[in-house]
Amino acid sequence: MPKKAASAAGLLALLAGTLVVSASSAARADGDYCGHRVLGDIEQRYLAMGGPQGALGCPLTDELANPDGIGRRTQFEKGTVYWSPRSGAWPVWGEIGDYWCAEGCEAGWMGYPTSYEHTVGNETRQNFQCAVVHWQALPGNTTKTWTDGNTCV
């Protein structure tokens, strides 16, 4: 290989190694963030959302077992990430989270979250195992939150 090509290949390898190190350095070997442990799929979701500087902020708890004895959760400054083996790890927050928890959170009829919040037209939606929760801003600084009903019946 000519010297110039070898130098370019070496530079690319160095840059690729730097990118790999940079990407992996975001994950902490001990799962410690802001003094709390975040683990497994919940940690992966948390890091995908920007970690402590992201949408969730710092964790407020270590990983907790859910009352159903199946799932797990970690509470953060701006929301909670819930995990179950069937649904994976998803964040819940704001008025959609309030509505869901008024119906029993993961132990309620809607089950665990199965998606991020997403925008459809002029509303925000989030999917759960047995429902879709809708949120909409209305005139006069008011909001509306609702579901289409139980899709698991």
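Using only side-chain charges placed at the Cβ, +1 for Lys and Arg and -1 for Asp and Glu, the dipole size of the stretch 86-153 relative to its Cα centre rounds to 120 debye.
Quickly rank 88-101, 60-73 as a protection proxy: mean count of other C-beta atoms within 10 Å, highest first.
Numbers: 88-101: 19.4, 60-73: 14.5.
Highest to lowest by the protection proxy: 88-101, 60-73.
Long-range amide H contacts for Tyr33: which residues qualify at under 5 Å (H placed 1.01 Å from N, peptide plane, sequence gap of 5 or more or a different chain)? The answer is Val38.
I'd like the distance separating the alpha-carbon centroids of the stretch 134-153 and the stretch 87-103, in whole Å. Using only Cα atoms, the two centres lie 13 Å from each other. Sequence-distant contacts, meaning Cα pairs under 8 Å at least 6 residues apart, place the relative contact order of the stretch 85-153 at 25 percent.
Stick to Cα atoms and the Kirkwood definition of Rh, then tell me Rg/Rh for the stretch 32-112. Could the numbers behind the result be given before it?
Values: Rg = 11.8 Å, Rh = 12.5 Å.
Result for the stretch 32-112 is an Rg/Rh of 0.94.
Residues of the stretch 76-127: accessible area per residue at 1.4 Å, in Å²? Before the final figure, lay out each step's value.
Details: 2420 Å² over 52 residues.
With all protein chains present, the stretch 76-127 gives 47 Å² per residue.
Shown for the stretch 30-137: the carbon plus sulfur share of the solvent-accessible area, taken with all protein chains present and a 1.4 angstrom probe, equals 51%. 3J(HN,Hα) couplings calculated from phi for the stretch 79-85 with the Karplus curve 6.51 cos²θ - 1.76 cosθ + 1.60 (θ = phi - 60°) are, in sequence order, x, 10, 9, 9, 9, 9, x Hz; Gly and Pro show x. Amide H to amide H, with H built 1.01 Å from N, Asn66 comes under 5 Å of Gly71, Arg72, Arg73, counting only residues 5 or more places away or on other chains.
Taking label points 7 Å from Cα along the Cα-to-Cβ direction, Val120 and Lys144 give a separation of 1.5 nm.
The values are calculated or read from the model by the stated rules, or taken from the named source; none is laboratory data. Computed from a prediction, not measured in an experiment: that's the story for all the values here. Backbone-built Cβ (ideal geometry, glycine too); neighbour counts: all protein chains shown. Keep in mind that these areas ignore ligands, DNA and RNA; they rest on the heavy atoms of the full protein, side chains included. Shrake-Rupley method; radii C 1.70, N 1.55, O 1.52, S 1.80 Å.
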